[in-house]
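The values are calculated or read from the model by the stated rules, or taken from the named source; none is laboratory data. Here the structure is a predicted model, which is why all the values come from computation and not from measurement. Cβ placement follows ideal geometry from the backbone for every residue including glycine, while neighbour counts extend to all protein chains displayed. With ligands, DNA and RNA removed, areas are computed over all heavy atoms of the protein, side chains included. Shrake-Rupley method; radii C 1.70, N 1.55, O 1.52, S 1.80 Å.
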Amino acid sequence: MRPIFPMSESQMQVAMRYFDLLREVLQTPDVSNVREVALNLVRSLTYFIYGIYDTSFQKLYTLSRSEELVGRFLALVEQHCHEHHSIDWYADELCLTPKYIANLVKQVTGMSAGNCINYNLISQSKWLLRSTTLTVREISDRLGFKNQSHFGTFFRRYEGISPLEFRMG
C-alpha cells in the first residue's frame, strides 16, 4: 500500500517502527496503562506524519478559518469528550458561541457538533469494552456519564445493543 503523500524510505521506516512498537504495547497483558501508552504512541506517530505532510503540502493548500476552527474543535473533542459532553464547554475553550461553532462544524463536516462528541464517546466506549477488563460501571464513570444506566441507554441508542452484549459479541 502506498501512502497518499510521498514519504522517503527513512520516514517510512520510522513510521513502521511506531506501528511495531504500538503492536508490541497492545499485546503486553501485564501493563496497567496500556491505553495511555498506546494513545501517546498514536499521537506521536500522528505528529510525525503531520510534520511530513506539513512540510510537503502546506504551500499547496491552506485551511480556511472555518476549517481551522473545526479542526481545533475536533482535537478538543478527542481529548476531552470523556469529561465534557456539551458543546458549550468546547465553544468556551475556543472563545466562540455554541451556535457559531455548531454551524461551522455542520458546514465543514456535515455532522452536528453533538454527533461529533457522541461519535468520539462511542469510539472510546467500544475500545474500552473490547480491550480492557473494566466493568461497565467503571467505563461509564471514566467516560463522564451520570450513571451506568445513562451510559447503557446512550450506548444502545448508537449501537443497537447494550454495552455487555457488545463486549460479549
For segment 77-88, how many residues are under 16 Å from residue 112 (Cβ atoms) and part of a helix (DSSP H, G or I)?
3
For residue 95, which of the numbered conditions (1) touching a Gly at 6+ places or on another chain (Cβ under 9 Å); (2) more than 19 Å from residue 144 (Cα to Cα) fails to hold?
(1)
Any idea which of 17, 72, 35, 23 is among the charged types (D, E, K, R), in contact (Cβ under 8 Å) with a residue 60 or more places away in the chain and assigned to a helix (DSSP H, G or I)?
35
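Taking the options 99, 126, 106, name whichever one is closer than 23 Å to residue 36 by Cβ, in a helix (DSSP H, G or I) and not β-branched (Val, Ile, Thr).
Numbers: 99 fails: closer than 23 Å to residue 36 by Cβ; 106 fails: closer than 23 Å to residue 36 by Cβ.
After applying the criteria, what remains is 126.
Looking at segment 56-70, is at least one residue within 30 Å of residue 30 (Cβ to Cβ) and under 19 Å from the mean Cα position of the chain (by Cα)?
no
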Between a first residue in segment 153-164 that is over 19 Å from residue 120 (Cβ atoms) and at pLDDT 95 or above and a second residue that is open to solvent by 50 Å² or more (accessible area, probe 1.4 Å) and in a helix (DSSP H, G or I), which pairs have beta carbons less than 8 Å apart while being 6 or more apart in sequence or on different chains?
162/156
Unique match (being open to solvent by less than 90 Å² (accessible area, probe 1.4 Å) and at pLDDT below 85) among 14, 31
31
With criteria (1) over 21 Å from the mean Cα position of the chain (by Cα); (2) among the polar types (S, T, N, Q); (3) within 30 Å of residue 11 (Cα to Cα), residue 124 comes up short on (1)
Members of segment 113-126 found to be free of Cβ contacts under 8 Å to residues at least 24 places away in the same chain and surrounded by 14 or more Cβ atoms within 10 Å (Cβ to Cβ), listed by number:
115, 119
Taking the options 62, 153, 55, name whichever one is open to solvent by 90 Å² or more (accessible area, probe 1.4 Å) and part of a helix (DSSP H, G or I).
55
